1. Averaging over every viewing direction, what projected area does the convex hull of the Cα atoms of segment 233-316 cover, in nm²?
2. Using a Förster distance of 30 Å, how high is the FRET efficiency between A454 and R420, based on the Cβ-Cβ distance and rounded to 0.05?
3. Can you list the lysines whose alpha carbon is less than 24 Å from that of K217, not counting same-chain residues fewer than 8 positions off?
4. Quick check: the distance between the Cα centres of segment 388-409 and segment 448-483, to the nearest angstrom?
5. Translational D (Stokes-Einstein, µm²/s) of segment 389-516 at 37 °C and 0.692 mPa s when Rh comes from the Kirkwood sum over C-alpha pairs?
6. Mind checking segment 213-321 for GluC sites (Glu not before Pro) that DSSP puts in a loop (not H, G, I, E or B) and that have at most 16 other Cβ atoms within 10 Å?
7. Using modelled backbone amide H atoms (1.01 Å from N, in-plane), which distant-in-sequence or interchain residues come within less than 5 Å of W393's amide H?
8. Using the crude model of +1 on Lys and Arg Cβ and -1 on Asp and Glu Cβ, and no other charge, please compute the dipole size for segment 233-316 relative to its Cα centre, in debye to 20.
Amino acid sequence: MTADPIALWHAVMRLFGWDSFPVLLVATLAITALSYRLLPTERRDIRNSLLFLATSLAGALVSTLFHQLELPAMAATLREVFFLIQGVALIRLWAIFLFRLILSRLGVHPPRISEDIVTFGAYFVWGMMRLRYAGMDLSGIVTTSAVVTAVVAFSMQDTLGNILGGIALQLDKSVEVGDWIKADDVVGRVVDIRWRSTVVETRNWETVVIPNSQLMKNKFSVLGQRSGQPVQLRRWIWFNVDLKEPPFRVIQTAEEAVRGADIPNAARDPLPNCVLMEFDKNYARYALRYWLTELALDDPTDSIVRAHLFTAFQRAGIRFATPEESRHIVKESEKHELAVRQRELARRLAALEKVELFNTLSREELGTIAERLAYAPFAQGEILTRQGAVAHWLYILTEGQVDVFLETPEGEKRWISTLREGSFFGEMGLMTGSPRASTVVARSNVECYRLDKASFEGILHSRPSLAEEISKVLATRALEREHRLEEMDAAAQAKQVAQEHTDILRRVRQFFGLAP
């Protein structure tokens, strides 16, 4: 036995009759106020739905006025039209509340197109019920629906293709909201999948609307995704180096520069790697490959990686290859070259004079060392020295700041201090060959001068007495760094410094091969 739609409608009206409409209206306004407060991104839809509801209520008053004017046919027509609009507005407001507020709070995030399907179905049922209640024979509509459907399908085949494409995309989950995709020349993040189109926001703050049928017919890429793996995308940094440089040295320098640095949004697994891609007439072409974890920050992260490569190659003395051109160059005067050289030498001497170890050196000896200093820039986040590493050189910090960390056996990194312009570190590695006692990381972009053992050895052999003077400074500096002199009286401090001095002097002489 089939239920009579009119009887069903009357039953519904008896349950939610006109007398109970104020209750339904108050409940709808309550959930609408809650949705408006908790869903700021949906406020435009809520305002439009409220406008529809207000229009329908105003229309109901107008229909009453026509009834008072003894125009019953006009009053009945207006009442049905505005009652239909009223139902549409109520369905829309409740759909927003249920799908976008309640389900999201429960951790369920259905695609927007599923909400649209349910809402459209409710609209359709509401419209059919109102037509049947108004006395229209629905069997006639069913009889002519085949012809109407054929005409509509032919005239709206592109639109229907987009709608079916959107449904297919949702069902097979080819692409989901939040995915980064590449379709033709468009690269961006999917923010919505609608009936007709998929909305993509690019890194250039553009919103691109792609018809769903285009995604179904053509190939597109979902970026950064592999089954069972985190979202990350491989990036390529291309550079050219002169053929005179051995490839193994270039590759090692590039990989150490990026692997040892703390670069935001660059994955640690897989590790970055450098590969030799091809040879040209005058240079070799390399690519450094790393994995990007935040796909929206591709260019900024590429820039940081290039900066690390640049400073690492400068320290290693590796020059990037540039196109060769034949030009007529006017040679600079010797006077200008001498002025440039003297300015750089003065800068180096000023840096050396701040190093306590070299207070007893003569001006000539400082000048000799200044000639042999190596310029060593570092990018922010790069590691200058690593705890436990063996490096026989000292750094003089001329610009920027570095952080000093102590790494515990448990793998924890504990901050010790921050060194600024004018500081130096690594003196024990230079003078005794001891492994680094701490890890030093560039807090900002920094510039240093590096002094290695070979550059200092000649001066120490020409004046062996320097070993004893420098050892005293090293002993005091080491004890102060370890805070072992703070609670001692003068006699105990002198004794402790003397013991440390004797030990360091022995190690310096042994390291440089000096006679005892």
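Since every read-out is calculated from the coordinates, none of them should be taken as a lab result. Note that the structure is a prediction, hence the values are computed from the model and not measured. For neighbour counting, all protein chains shown are included, and Cβ atoms are generated from backbone atoms with ideal geometry for every residue, glycine included.
1. That works out to 5.2 nm², a quarter of the Cα hull's surface.
2. So the FRET efficiency works out to roughly 0.60.
3. Correct list for K217: K173, K182.
4. Cα centres, segment 388-409 to segment 448-483: 16 Å.
5. 206
6. E294
7. Those qualifying (amide H under 5 Å, at least 5 residues apart or on another chain) are L430.
8. 220
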